[in-house]
Amino acid sequence: MAKKQASLGGSGCETGTPATRRRGRPVQMDMTAREERILDAASSLLTEGGFDHVTMAAIARRAGMSKRTLYEHFDGHEALLGRVISRMGERIFRPLQPEDEGRSLTERLQILLTLNKPPGAENSKLEFLRTLIARAQTYPVLSRQLLENGRGRLIGHVSEELARAIEAGEIELAPDSATLAAEMLVNLTFEDPVPRLLLCAECDASPEEMAQRRDLAISLFLHGCGAKNLGASD
């Protein structure tokens, strides 16, 4: 009997049948990593297809998660898109870095007024604006967030730099006019998007044309403010 059992016990080794392995639990992402994955999925969908394609179901599919997981992180569709807009604003409109503080005021403004746009962002931005304008009453919070995290964020960065320039005596402006002056400079630097929304969404300015307009706007603005030590580029 022992011999028979031994022969049966060895048969598994002789046939080479692999032992069955117990599967462990899948690796769990922490909350921050999951949120970033959700935002990445929503951002890519927004860039690829516009507002109407960024549904909760589509985001869940792209992120490889359930809709229930999305709602564990965000209160709803509008809240999720609001976070996407905020994150895009943080990446596109960046404040100066410490190493830039020693540059001339012209150079500092050039850095602030150069947008760090991801590929495809311009067309998706126009489509998003078109849709959101049409549905502003349906998405009032999202509309406000778009202004605050886009143009509003940029004006804030420029206003802070102008306030420092006023304090340092680089320009002649009343201290309480820094925000208004920043708004005027931003308006000079960037074209009004409404004509493109209405007539020609494909008529993109080239990077060279945008830089030329930016530099002219800065030059006009600083000369009007009685700026000192403008730098060689002015």
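Using the Karplus curve 6.51 cos²θ - 1.76 cosθ + 1.60 with θ = phi - 60°, work out ³J(HN,Hα) for each residue of region 177-186 in order, rounded to whole Hz, and write x for Gly and Pro.
Computed from phi, the couplings for region 177-186 are 9, 4, 5, 5, 5, 5, 4, 5, 5, 4 Hz.
Percent of accessible area on region 47-191 owned by carbon and sulfur, 1.4 Å probe?
Its accessible area is 52 percent carbon and sulfur atoms.
Using the reciprocal of the averaged 1/r over all distinct C-alpha pairs, how large is the Kirkwood radius of region 146-229 in Å?
Working: mean 1/r = 0.0714 Å⁻¹.
Kirkwood radius, region 146-229: 14.0 Å.
From Cα coordinates alone, what are the radius of gyration and Dmax values for region 138-185 in angstrom?
Cα only, region 138-185: 13.3, 47 Å (Rg, Dmax).
Place a label point 7 angstrom from the Cα of GLU101 along the Cα-to-Cβ direction, then list the residues of region 148-164 whose backbone nitrogen is under 13 Å away.
161, 164
Average the reciprocal distances over every distinct pair of alpha-carbons in region 51-164, invert the result, and give the Kirkwood radius in Å.
Details: mean 1/r = 0.0627 Å⁻¹.
It is 15.9 Å.
How big is the Rg/Rh ratio for region 40-115, C-alpha atoms only, Rh by Kirkwood, two decimals?
Numbers: Rg = 17.1 Å, Rh = 14.4 Å.
Answer for region 40-115: 1.19.
Using just the alpha carbons, could you tell me how many Å³ per residue the convex hull of region 29-80 encloses? Walk me through the numbers before you get to the answer.
On the way: hull volume 3.3 nm³, N = 52.
Output value, Cα hull per residue: 64 Å³.
The values are calculated or read from the model by the stated rules, or taken from the named source; none is laboratory data. Everything numeric in this text was worked out from a predicted model, so none of it was measured. Virtual Cβ from ideal backbone geometry, glycine too; neighbours counted across all protein chains shown. The protein model used for the area step is the full one, side chains on, heavy atoms only, and it has no ligands, DNA or RNA in it. Shrake-Rupley method; radii C 1.70, N 1.55, O 1.52, S 1.80 Å.
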